[in-house]
Amino acid sequence: MKIEDIMTRDVRSCAPEESLGSAAQIMWEADCGAVPVVDAERRVIGIITDRDICMASHLQGVPLRDASVGTAMARDIKCCTPQDTPATVQAMMQQNKIRRVPVVDAERRLIGIITLADLVYVLSTSQTLGGDGMTWTAVAHTLAAVCEPRGGRYATRYGGSSGRGAYPTL
């Protein structure tokens, strides 16, 4: 199985000069929590989440219509290709503590998106997916990494040795 088999293809995007309000409207209409940010050629240059919008509005002290996506988007974006395996993308998510990965072509143009929820759903409905290394334990560790607060309180609270990346064996 490859990412192209499970990715969402009809993914909405926005441009960096659009307002935070416009990105929030896309999220509302598409029932999603993140929108890839693309340039004029649809190359992925960032991603903006609902949390990014909330924090930018609060920290900038302006209405959503008066702040641009470019002021709040994440720029260090991890992307995958349609030919990547679910296990490879799951490992990328765990290592980078991300829930969503844009799927791009060879020119980095947006062609889809894959989410941690997609991987969990596919794993729950497939008997063969574990053959490429993605297991329930691996997904649980990815979820733990993504959910860990910056202060690392879960690792220390539940017996981990450091504030980052140490989780109990599942």
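Within region 67-103, the set of residues being polar (S, T, N, Q) and under 18 Å from residue 5 (Cα atoms) comprises 81, 83, 85, 88, 90.
Quick check, is residue 72 open to solvent by less than 70 Å² (accessible area, probe 1.4 Å), at pLDDT below 85 and either within 21 Å of the chain's Cα centre (by Cα) or closer than 30 Å to residue 26 by Cβ (or both)? Against the criterion (open to solvent by less than 70 Å² (accessible area, probe 1.4 Å), at pLDDT below 85 and either within 21 Å of the chain's Cα centre (by Cα) or closer than 30 Å to residue 26 by Cβ (or both)), residue 72 does not qualify. Here residue 35 does not qualify as open to solvent by less than 40 Å² (accessible area, probe 1.4 Å), closer than 30 Å to residue 83 by Cβ and touching a residue at least 60 places away in the same chain (Cβ under 8 Å). Just for region 95-113: of the residues that are among the hydrophobic types (A, V, I, L, M, F, W, C) and in contact with a Pro (Cβ under 8 Å, 6 or more places away or on another chain), which one is nearest to residue 43 (Cα to Cα)? Only one residue fits best here, namely 110.
Selection of region 42-69 for residues being closer than 15 Å to residue 25 by Cα, among the hydrophobic types (A, V, I, L, M, F, W, C) and assigned to a loop (DSSP other than H, G, I, E, B) yields only 67.
Do you know which residues across region 46-63 are crowded, with 17+ Cβ neighbours inside 10 Å, out of contact with any Cys (no Cβ under 9 Å at 6 or more places or on another chain) and not polar (S, T, N, Q)? I'd like the intermediate steps shown before the answer.
First, pick out the residues of region 46-63 that are crowded, with 17+ Cβ neighbours inside 10 Å: 46-49, 52-53, 56-57.
Subset that is out of contact with any Cys (no Cβ under 9 Å at 6 or more places or on another chain): 46-47, 49, 52-53, 56-57.
Listed by number, the residues that qualify are 46, 47, 52, 53, 56.
Determine which member of the set 110, 116 is in contact with a strand residue (DSSP E or B) (Cβ under 7 Å, 6 or more places away or on another chain) and at pLDDT 90 or above.
On the way: 116 fails: in contact with a strand residue (DSSP E or B) (Cβ under 7 Å, 6 or more places away or on another chain).
On inspection, the qualifying residue turns out to be 110.
The one condition from (1) buried (at least 17 other Cβ atoms within 10 Å of the Cβ); (2) touching a residue at least 24 places away in the same chain (Cβ under 8 Å) that residue 41 does not meet is (1). The set of residues in region 1-26 being of a type in the set (Ser, Thr, Tyr) and either more than 29 Å from residue 121 (Cα to Cα) or assigned to a helix (DSSP H, G or I) (or both) consists of 19, 22.
Mind listing whichever residues of region 96-116 are in a strand (DSSP E or B) and either β-branched (Val, Ile, Thr) or open to solvent by less than 40 Å² (accessible area, probe 1.4 Å) (or both)?
101, 102, 103, 104, 110, 111, 112, 113, 114, 115
The values are calculated or read from the model by the stated rules, or taken from the named source; none is laboratory data. Small disclaimer: the values here were computed from a predicted structure and weren't measured. Here Cβ is always computed from backbone atoms with ideal geometry, including for glycine, and neighbour counts include all displayed protein chains. Only protein heavy atoms, including side chains, enter the accessible area calculation; ligands, DNA and RNA are left aside. Shrake-Rupley method; radii C 1.70, N 1.55, O 1.52, S 1.80 Å.
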